[in-house]
1. Could you look through segment 46-61, keep only residues that are in contact (Cβ under 8 Å) with a residue 12 or more places away in the chain and out of contact with any helix residue (DSSP H, G or I) (no Cβ under 9 Å at 6 or more places or on another chain), and pick out the one that is surrounded by the fewest Cβ atoms within 10 Å (Cβ to Cβ)?
2. Among residues belonging to segment 2-19 that are outside any helix (DSSP H, G or I) and more than 13 Å from the chain's Cα centre (by Cα), point out the one that is nearest to residue 62 (Cα to Cα).
3. Going by what's in this entry, would residue 70 be described as in a strand (DSSP E or B) and at pLDDT below 90?
4. Taking the stated definitions as given, is residue 24 surrounded by 15 or more Cβ atoms within 10 Å (Cβ to Cβ), in contact with a strand residue (DSSP E or B) (Cβ under 7 Å, 6 or more places away or on another chain) and in a helix (DSSP H, G or I)?
5. What's the number of the condition residue 65 fails, among (1) closer than 16 Å to residue 20 by Cα; (2) outside any loop (DSSP other than H, G, I, E, B); (3) at pLDDT below 90?
6. Could you grab me the full set of residues in segment 11-21 that are surrounded by 15 or more Cβ atoms within 10 Å (Cβ to Cβ) and either free of Cβ contacts under 8 Å to residues at least 40 places away in the same chain or under 19 Å from residue 1 (Cβ atoms) (or both)?
7. Among the residues of segment 32-45, which ones are at pLDDT 85 or above, exposed (fewer than 15 other Cβ atoms within 10 Å of the Cβ) and either in a loop (DSSP other than H, G, I, E, B) or over 9 Å from the mean Cα position of the chain (by Cα) (or both)?
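The values are calculated or read from the model by the stated rules, or taken from the named source; none is laboratory data. Computed from a predicted model, the values in this text were never measured in an experiment. Cβ atoms come from the backbone with ideal geometry, glycine included; neighbour counts cover every protein chain shown.
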């Protein structure tokens, strides 16, 4: 599975604290590992404090937004 990230999401990811960064990376890993869900439109994944918005195009996940409530 290939993961692509728009620049805005990548910028947010680089600016968050380490523990939040880890949670976002875990969410991306969970989405990438989920081969059953097909989300060609917008989809979202939520952790304890963080979220990400993404689309899936075949074997490519495009992360459009990430955020954190901390």
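1. So, considering only residues that are in contact (Cβ under 8 Å) with a residue 12 or more places away in the chain and out of contact with any helix residue (DSSP H, G or I) (no Cβ under 9 Å at 6 or more places or on another chain), the one surrounded by the fewest Cβ atoms within 10 Å (Cβ to Cβ) is 59.
2. Start the filter on segment 2-19 by keeping residues that are outside any helix (DSSP H, G or I), which leaves 2-6, 16-17.
After this cut, where a residue has to be more than 13 Å from the chain's Cα centre (by Cα) as well, the list is 16-17.
Working: 16: 20, 17: 23 Å.
Looking at the filtered set, the residue picked out is 16.
3. Details: in a strand (DSSP E or B): no; at pLDDT below 90: yes.
No, not satisfied.
4. yes
5. (3)
6. 13, 21
7. First pass over segment 32-45, keeping only residues at pLDDT 85 or above: 32-33, 42-45.
Those still in the list that are exposed (fewer than 15 other Cβ atoms within 10 Å of the Cβ) too: 33, 42, 44.
Scanning segment 32-45 gives 33, 42.
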